[in-house]
1. Under a plain spin-label model, where a point goes 7 Å from the Cα along Cα-to-Cβ, how far apart in nm are Thr325 and Asp186?
2. What pairs in Lys478/Lys535; Lys478/Lys706; Lys471/Lys535 have C-alpha atoms more than 25 Å from each other?
3. Between Ser171 and Ala712, how high is the FRET efficiency from 1/(1 + (r/R0)^6) when r is the Cβ-Cβ distance and R₀ = 41 Å? Nearest 0.05.
4. At most 12 other C-beta atoms within 10 Å and a DSSP loop state: those are the exposed GluC sites (Glu not before Pro) I care about. Give me the longest piece of the chain that has none.
5. Could you calculate the contour length gain from Phe422 to Arg103, that is, 0.36 nm times the residue separation minus the distance between their Cα atoms, to one decimal place in nm?
6. Would you work out which of Asn387, Thr370, Val571 lies farthest towards the positive end of the dipole of the chain? Charges go on Cβ: Lys and Arg +1, Asp and Glu -1.
7. What does the charge dipole of the stretch 373-491 about its Cα centre add up to, to the nearest 20 debye, if the Cβ of each Lys and Arg holds +1 and the Cβ of each Asp and Glu holds -1?
8. Compare the Cα positions of Pro130, Gln734, Ser597 along the charge dipole of the chain (+1 at Cβ of Lys, Arg; -1 at Cβ of Asp, Glu; about the Cα centre) and return the one farthest towards the positive end.
Amino acid sequence: MANVSLRALGLICAGYLAIIAGPEAQAQLRVVTYNTATAQSGSGTQTARLPYSSTIMEAIGLENVNGIARPLDVLLLQEQYELDITTDSFVDVLNDLYDPVNRTMYARGDVRGLASSDFSVDFPGAGGRPAMIYNTQTVDLIGEIAFGSVGSSSQARQHLRYQFRPVGYDSNADFYAYSTHYRAGDSGANAASRLLEATNLRTNADALGEGVHAIYAGDYNIPSSNADMYAYLLSSGNGQAFDPVNSPGSWLDNAAFKNLHTQSPAATGEQIPGFAGGGLDDRFDFQLVTGEFLDGDGLDVIPGSYHAFGNNGTHTLNDSITTGTGASMSVLNALKSNSDHLPVVADYQLPAKMLATLASIPMNVSQGATVGIDVFVQNVANVLTANAADELDYTINVSGALLGSANGSILPLAGTDTRQIFLNTGTEGFRSGVVTVSATSQGAANSLFQFPVQFIVGSGNGGPVFGVIAKDTFDENKRLLSYSQTPAAGTFSDSQDGFQQFQVGVSSSIPNALKDDSTNGLSGDNLGVVNTAVKTDAWFGINDLENPNNTGGTGTVTWQFDVTGAIDMQVSIDMAAMGDFEAADTYNWTYQIDSGSILPLFTSSVNEDITADYIMARGGAPVTLPDPLFMTDAENTLVQLTNNFQTLTSQLSGLGEVLTITLNAANNADEAYAFDNLIIEGTTFVSFLAADFNQDGNVDDLDLDKWQMDFAMGSGSDADGDGDTDGADFLFWQRQFGQSTLPPLVASTAVPEPTGLVLMSLAALLSGNLHRLSRVYQST
């Protein structure tokens, strides 16, 4: 979500700046699967065959399909002898082509899957294993696993599963790619093994849940779609596979499927020694996909892009790929000489990417005026052609003192959609609202923009002010809508168990583990976080949650605050902790704005490898305990908690009306955790009084300081609008002193009348100008 700060008022474009600041994937990905025949044991080939592999990789990147030509983004490999030998050699080929200096554009996966040939005495590793190489500039590798039992009666090789996220997108655009190599052979036992391999793959994919984008790539070693393993892959369920070219049939030696054949690109006698020849007559290599890649929305196979590379169906059946015209002759010769398989290539569109901006907002408008504000929406997916990215569907809604709504759809490269919302000018005074632009397209990036809008109807002036928006100090609260805790206060029958608010001199009892009484009558106290001799206000303490009254050992506290009209919010909390904590002890804070995502605020952790020193209130030698408690804020700053309160602050992301803050805690012993002063700060837009010279929403001593600096020096503190700063402006300050235009629950404690000391100091300051001031006072 992109949020726009008042500090960027004018043409509001913070979302745009965030988008152009970082890298992003182009709005299509080129995915390739290739059995490279590089798993020969002994003195056989175990690395990329040069120059053939380089010629092929470069040609795949140069091939124009549907107006798209791009280097490959994901390369799913089979028959890799070892990752650090074979796969690294292909990484080198790609970096030689595209990143010869830095050599970081391409990288491989790290997980080494097992192969049955690993256990061969005579030919260890000769069957090879699947692997993967990816373009680090276009996709992030989120995770990878190998799965499946390997053996003569089970899988020939483990399947490899990779989770990718296109650069510049969030987890809604994640997809999975499987690199697989099914057992070869025509016997019933081999077919049964392939069925087992397909069953294991579908079990894994189905467990990912409904709606997952998955690619099932690899060497299937089957002659037709009637194979049991193929039928199982295409059976119903969460991970149901589909053929992007929808071409069932008997593929072997069938001229109707010449353009899909992938083995062998070499005729008999031309093949690599030890590998298959006989010309192209088999469809062994596939990129099957889940239905989510074929629904036309978000991540999707680009129609017409799936093909066996170098094969356009013009070759002679059962003959060399060089008898066709699917690529230049140099590329066809490289294909024939590099492997007994052809690569299978497909291009995939990525989801839309939204950019929304808002035209500048006038500070003052006349009552009853019709004031329209333009909202600009673009689909900024980084495309090569418009047909290679999803359309952006969006809605515009408003709240507060705004009127109007809109929706639309826009293709990439189609320019800007301009819509209008309107200011509600019916009532005089300060008005505010929020414009929300939401993308509804599947997996769209930057799917939510929110723009705060503030303006004044009628006369006056105003601006942004940062300050306290809401709080709960356990002594007082502001803009607190609701508070709840489970278990409720007073649930525990044992006075040494705690999960509630406490206050020295008020609470009937406080658990000893929470109190530091070392200067309050118990000099030998060696455990406690609240100095009872000093801290007399209320606070919240937690210890020994697991007890007969709360066998689960957990507790939850929830606050809801009104934060309407606030932006740039942050939350600060005073925290302290002491004890020998365990990994199972957790004190995790989260927040949610309106009905948005629940996000981490502060997250606890325990370091069981170190000790910590705690200083009791009495001073002297520290108390050393193992396994201290740490807290990580929303910006990933790690802080070790001690038995002295320290203030931790986290920035919030989002706009709205209701802020929900939740603490989920769990512990089972005397480890002590306490907190106080939950404060929400942020920026609000307010009108200013004439004597609010520093424009902070309050007329106070700070405005007097500014008036003193500006006196007789210009119009910096000109309350009466006569163009200069003089005694008349001081009279405005005196009359308005103590007044505030901040919302009532944001303003600090009321400022008293000017004290005699302040006025005496002022008199001394003005002594050199007394005569001039006397004339001013007489005239006013």
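Throughout, read-outs are computed from the coordinates displayed, never taken from laboratory work. No experiment lies behind these values; they were computed from the predicted model shown. Here the Cβ is made from the backbone with ideal geometry for all residues, glycine too, and neighbour counts use every protein chain on show.
1. 3.5 nm
2. Flagged as over cut-off: Lys478/Lys706.
3. Values: r = 61 Å, r/R0 = 1.50.
Calculated transfer efficiency: 0.10.
4. 211-475
5. Gain in length upon complete extension: 109.6 nm.
6. Asn387
7. Value, rounded to 20: 260 debye.
8. Looking along the dipole axis, the top candidate is Pro130.
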